[in-house]
Structures are given as C-alpha cells and as structure tokens.
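Reading through the structure tokens given below for one structure.
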C-alpha cells in the first residue's frame, strides 16, 4: 500500500496510514524524492502518528529520506511519534539524528514555515 503524499501550499505531507513493510518504506522514499523534485517543494512532513513500532530499519530510512530531501533543498519534519514509540526508540538506542520532529501536523508546518523560531535538537 502506497503512502498518500498530499501537497499543502508549497509543502508535501506524507501521512502513513498503517504499519509499513521494508519494501513500502523504500517505496515511500522513492515517491517522496520524486515528488519533491516534481512540485519543487519547500519542505516535507512525514506523519507517523499511526505507527506503534519504529525499528532500526524504519528509523534509518526516515533519516535517509530526510538527508536526500535536504540535498534537494527542502527540510523534512517527522510528526506524531507516539510516547510509547519514543520510549522504545530511546531504550533501543535508535535516533533520528538531526532530523527535526514535532508533536503534530500543525507544529510541523509551523517549524517548516519558521525554521529559526524553534530549537528542535
């Protein structure tokens, strides 16, 4: 199942609807990279609210997606990481590196629109 990617103004929003297989994560990566170029996006939000697990592969793919999109000139923000998922990620030593995160879609859009107004390291 492909992750829907919506255009909101000059931003793209990829809203994960269910747990993703490794192949689906790779497909999301390919789709986002293509779409960023096609629409000349100024930023990308990946909404992972429905995910109840983020393993090392998913974490690495999200970091890689953000790095590739950054090379195309657009920042990426991951939104909606559930508290239990965050706790498990920390317990397992999984990090998103310098990838920006936000509580929800509204905060993510605000972070993209005003990148200097918030310190999110």
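Read the figures in this text as sums done on the coordinates, not as results from a lab. These figures come from a predicted structure and were not determined experimentally. In this analysis, Cβ positions are derived from the backbone assuming ideal geometry, glycine residues included, and neighbour counts consider all displayed protein chains.
Worth a mention:
- Residues of segment 18-32 satisfying the condition of being within 21 Å of residue 104 (Cα to Cα) and either over 13 Å from the mean Cα position of the chain (by Cα) or touching a residue at least 60 places away in the same chain (Cβ under 8 Å) (or both): 18, 19, 20
- Conditions (1) part of a loop (DSSP other than H, G, I, E, B); (2) out of contact with any helix residue (DSSP H, G or I) (no Cβ under 8 Å at 6 or more places or on another chain); (3) farther than 26 Å from residue 9 by Cα: number failed by residue 23: (1)
- Residues satisfying the stated conditions in segment 13-41, i.e. touching a strand residue (DSSP E or B) at 6+ places or on another chain (Cβ under 9 Å) and within 16 Å of residue 99 (Cα to Cα): 13, 14, 32
- When residues of segment 3-17 are limited to those that are assigned to a loop (DSSP other than H, G, I, E, B), touching a residue at least 12 places away in the same chain (Cβ under 8 Å) and out of contact with any helix residue (DSSP H, G or I) (no Cβ under 6 Å at 6 or more places or on another chain), the one surrounded by the most Cβ atoms within 10 Å (Cβ to Cβ): 16
- Within segment 64-80, the set of residues being outside any helix (DSSP H, G or I) and buried (at least 20 other Cβ atoms within 10 Å of the Cβ) comprises 74, 76, 77, 78, 79, 80.
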